[in-house]
Amino acid sequence: MEKKLKRSLALITVISILSASMIGCTRGKVADSQEPTGEKEPNTTKSDSEQTKEAGEKAEPVEIEVWNVNVGELPTEKGGTMYNYFKERIGVAPTMPAIPWNGGEAYLQRFRPAMAANDLPDMFLPHGGIEATIIENKAAVNLKDYLPKYAPNVWERIPAEIWDVIAAADPSGEGGIYYIPMIKDYVDHGAYIRQDWLDNLGLDMPKTRNQFVDVLKAFRDQDANKNGDPDDEIPTGGREGGSWMDHLFTPFGVAILAGKPGWEIYEGEITYAGVTKNMRSAIEFIRYLYQEKLMDQETFFNKKKEWDAKLYSDRVGIYYHMPEYAASRIEKMRNTNPNAEVKALPIFDVEGYDGVVSKKVLKRPEWMITADTQEKIIACLTLLNYLNDPENYVDLEYGAQGMHHVVKDGKKVMLEQDNTKMECRFRSNIISEKQIVNRMDESKTEEDAWKWDMVKNLILDTNAQPTILSAANGMPSSVYGDYADIRSHTMYKEYMTRIVIGEWSIDKFDEFVEKWHKSGGEEVTKNVRKWYAAVKK
Amino acid sequence: MSSKTQDRLIDIIIYMFLAILAFIMLVPLLNVVSTSLSHGTAVDRGEIYIFPIEPTLASWSYIFKENRMWRSLFITISTTFIGVVNSLFLTSLTAYPLAKKEFKIGKVMMVTIVFTMIFRAPMIPYFLTLRSLGLYDSIFVLILPHAISAYNLIIMRTFFKQLPDELEEAAKIEGCGYFQMLFRIVIPNSKAVLATLGLFYAVAQWNQFLHPILFIKSSKMFPLQLLLRQMVDGTEEIDMVDIVMTTMVYNEQTVKAAAVIFAMLPIMMVYPFIQRYFVKGAMLGSVKG
């Protein structure tokens, strides 16, 4: 018994020591492998370096750490492909760790302690309104004087009005520029309709409210997808919380994006679109569609996966999405129905309302710089200047040779996206409709031209519709103060959902407006109007 | 109806009810397994329920060829194994004196321990403390902070308290000290609680997510759960990135399902081996606190 016990104890001790030393070894190996090695430098980058030799290579690159969205791609580590890519071109060597994103939640989990420990990277994406805290604490670099000199591409390509809006968000009132925004000069969301369904039923593109309802009724009652079952079609719909169904709101002049009402000018003053009479009419209309089974009865339960499955199985007639990411969707629809064809749905006319898309050019704060030395600040801006030079745009899209593209017959051919083998391509934060369309023209082949042409038309047609520049462009998250519920649209979503599904009558909307004002809406509205007045000065 | 037939009838009803319950619990798991074994197009259309459609091993072959998965699996298995051995050793060393009446400061220590269960350290000071201890981006951050769980410690202390005093008294007369008594008498008689707590520790170690996300910077040290989250991100954030995998029979969703099963299977396989101790240990520990 005693011997047995001794032996077991000895065994546990030996195993523990062995395992600990194994981990020690692994750790050593990990550290070693982070160093640039001859093996890690792919042959392919040699050709990149040859290309850039003439441009002048700096002997001592400036290393910077950068954090941004990572959707499962490999990190850029010291000596890695994208590290070398930029090192050879501009003498700036960025590293970017792979921080899980999880809708931004995991990113913030990592970010907050790093911020408290004063251990932030040199340049990063300030997610979830965290920029307000950083600006308040003066923890970021004021880029006002740096930008014109070190990042002229960023400074000049972003309109002066946008810089004014950003400067107005400086709480000290000194007009400092503490972040660089992501700018899209085009509308990147829109409604899409199955043209092949319209053709099958001999219908025209709907242009008025009545025509729209007629099309939905035809989709509901007839075999629009020609699969022999007249009952499997879902005329239109969206996802939980009323997201991804903006096409049912915009005809009523409701400023909304992905289901979240925005701030726009109503009756001469900037107002939350969720409490306007436009919203009331829109909800009333959607309630009618729901009751008539003209929209998916599971709309408020649909998660992305469920809604996508309905689209891909050739069952949805009209849906709302982002046109620039439509290629894979159309392809998946064609797996089910080879005739699937998608077109942009125009905003239909509703009497008494001006249907219009409220365009938000300033999408979000994209970069903040907290680097502590002059050299690193300049290096960050040099990188951004390079990323936003239209001359480099195509080159950046193709990424690194061997990792993101290969050269065939002297022409660059993109490799199929594979996150397990690819590092994140650093991209421009100023994106224009022209750039997107050019990218499609540039990368299409004879076999897939149909797909890219269809997507291109979606983008062009979506942008041919009436739009106004959103009054809330660059509105700082600080306007919400402590009213997190107002910011997350909680009350709006509850009332809208219950009214649409018929649980409450439309009169409940008036109760919502009153409650919304009382529970912080009034205070937030005051803050927003104050901010807007300051911007307009 | 005789009482024997009645008993049998009741048994049948109970078994049927439990079988249905077990099936309901199995459905989500079966769905994920089937998704990992199905053709991507069928998954896109939402056609998978319990059985795979157009079965293929493509997603699994993709996962098996993925070096990152194997590396993360090795890290998770090593940290779990070392973590469990370390935790059981330290927990028994702490629980034993606390179970002794003659240990005068035992009560004060218990209050302190329970205090940590109610009031958790705020995130930022916790982060700063661990970083100052040199645990940032170190593999040991996956082991050391979880060395002793207050809850498990209380279970073990309760278990030790229930052991008959006579066992130790005999050893005492023979001249055994406290350490000898712990390692020669108490621990060999505590297999049930060690197996139970070992499982608790193992599952907690295996599933840990917060520590890796806060402290592990180098992706080469990512444990399985963190890597899995990253892979899932690649499929869920598809609104942001146009990932086109057209020529393959697998897609983002089938690969994700295979990765989920891959990360779950090893820890699931531990259960049957310690089940017989598990029930006994869990019951014993819960008699009194």
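The values are calculated or read from the model by the stated rules, or taken from the named source; none is laboratory data. Values in this document were obtained by computation on a predicted structure and should not be read as measured data. Positions of Cβ are backbone-derived with ideal geometry, glycine not excepted, and every protein chain shown enters the neighbour counts. These area figures cover heavy atoms from the full protein model, side chains too; ligands, DNA and RNA do not enter into them. Shrake-Rupley method; radii C 1.70, N 1.55, O 1.52, S 1.80 Å.
Assorted remarks:
- Over segment B:67-285: Kirkwood hydrodynamic radius from C-alpha pairwise inverse distances, Å: 20.0
- Applying 1/(1 + (r/R0)^6) with R0 = 45 Å to the Cβ-Cβ distance of B:Ser61 and A:Glu298 gives a FRET efficiency near 0.80.
- The interface between chain A and chain B buries about 5300 Å² of solvent-accessible area in total (1.4 Å probe, ligands and nucleic acids excluded).
- For the residues of A:67-77, the average number of beta carbons from a partner chain within 10 Å of their own beta carbon is 5.
- Membrane-span-like helices in chain A, defined purely by DSSP H runs whose alpha carbon atoms cover 24 Å or more axially and whose average Kyte-Doolittle hydropathy reaches -1.0, are A:2-34.
- Translational D in µm²/s for chain A (Stokes-Einstein at 37 °C, 0.692 mPa s, Kirkwood Rh from C-alpha pairs): 125
- Rounded accessible area per residue of segment B:67-285, 1.4 Å, Å²: 47
- Per residue accessible area of chain A, 1.4 Å probe, in Å²: 44
- Sequence ranges B:134-145, B:96-107, A:461-472, ranked by mean other-Cβ count within 10 angstrom, highest first: B:134-145, A:461-472, B:96-107
- Just the protein heavy atoms count here, and of the accessible area of segment B:67-285 at 1.4 Å, carbon and sulfur take up 69 percent.
- For segment B:67-285, size of Cβ-based charge dipole, Lys and Arg +1, Asp and Glu -1, in debye: 580
- Mean Kyte hydropathy of 0.0 or more with a Cα span along the axis of at least 20 Å, helices from DSSP in chain B: B:3-36, B:67-98, B:191-207, B:252-285
- Of the trypsin sites (Lys or Arg not before Pro) found in segment A:265-333, the ones in coil according to DSSP and having at most 14 other Cβ atoms within 10 Å of their Cβ are A:Lys293, A:Lys303.
- Computed about the Cα centre, the dipole magnitude for segment A:60-204 is approximately 320 debye when only Lys and Arg (+1) and Asp and Glu (-1) carry charge, each at its Cβ.
- Note on A:414-420: average number of Cβ atoms from other chains within 10 Å of each residue's Cβ is 5.
- When the GluC sites (Glu not before Pro) in segment A:143-230 are filtered for DSSP coil states and for at most 10 other beta-carbon atoms within 10 Å of their beta-carbon, the remaining sites are A:Glu174.
- Nearest-20 debye value, the protein assembly as shown charge dipole, Cβ charges on Lys, Arg, Asp, Glu: 3860
- Maximal additional length on extending the B:Leu144-B:Arg276 stretch stands at 44.6 nm, based on 0.36 nm per residue less the C-alpha distance.
- Summary value for chain A: 21 percent relative contact order, contacts being C-alpha pairs under 8 angstrom separated by 6+ residues.
- Amide H contacts for A:Glu65 (H built 1.01 Å from N in the peptide plane; partners 5 or more residues away or on another chain; cut-off under 5 Å): A:Thr95, A:Asp122, A:Met123.
- The convex hull built on the alpha-carbon positions of segment B:79-190 has an orientation-averaged projected area of 8.3 nm².
- Of A:Lys207/A:Lys537; A:Lys184/B:Lys220; A:Lys207/A:Lys359; A:Lys304/A:Lys360; A:Lys359/A:Lys537, pairs whose Cα-Cα distance is over 29 Å: A:Lys207/A:Lys537; A:Lys184/B:Lys220
- Neighbour-limited loop hits for GluC sites (Glu not before Pro), segment A:455-537 (at most 14 other Cβ within 10 Å; DSSP other than H, G, I, E, B): A:Glu503
- Potential lengthening between A:Thr373 and A:Asn227 on full extension [0.36 nm per residue; Cα-Cα distance subtracted]: 46.1 nm
- Percentage relative contact order, segment A:210-307, counting C-alpha pairs under 8 Å, at least six apart: 29
- Environment charge of A:Ile130, counting only residues whose C-beta is closer than 14 Å and scoring Lys/Arg +1, Asp/Glu -1: 0
- Heavy-atom surface analysis with a 1.4 Å probe gives chain A a carbon and sulfur content of 49 percent of its accessible area.
- Comparing the full protein assembly with the isolated chain (1.4 Å probe, heavy atoms, ligands and nucleic acids excluded), the residues of segment B:119-154 losing at least 30 square angstrom of accessible area are B:Ile124, B:Phe127, B:Arg131, B:Tyr136, B:Ile139, B:Phe140.
- Chain B - percent relative contact order, Cα under 8 Å, separation 6 or more: 30
- Shielding of B:212-220 by partner chains, average beta-carbon count, 10 Å: 6
- Residue pairs, from the table A:Lys434/A:Lys530; A:Lys343/A:Lys444; A:Lys293/A:Lys518, whose Cα atoms sit over 26 Å apart: A:Lys434/A:Lys530; A:Lys293/A:Lys518
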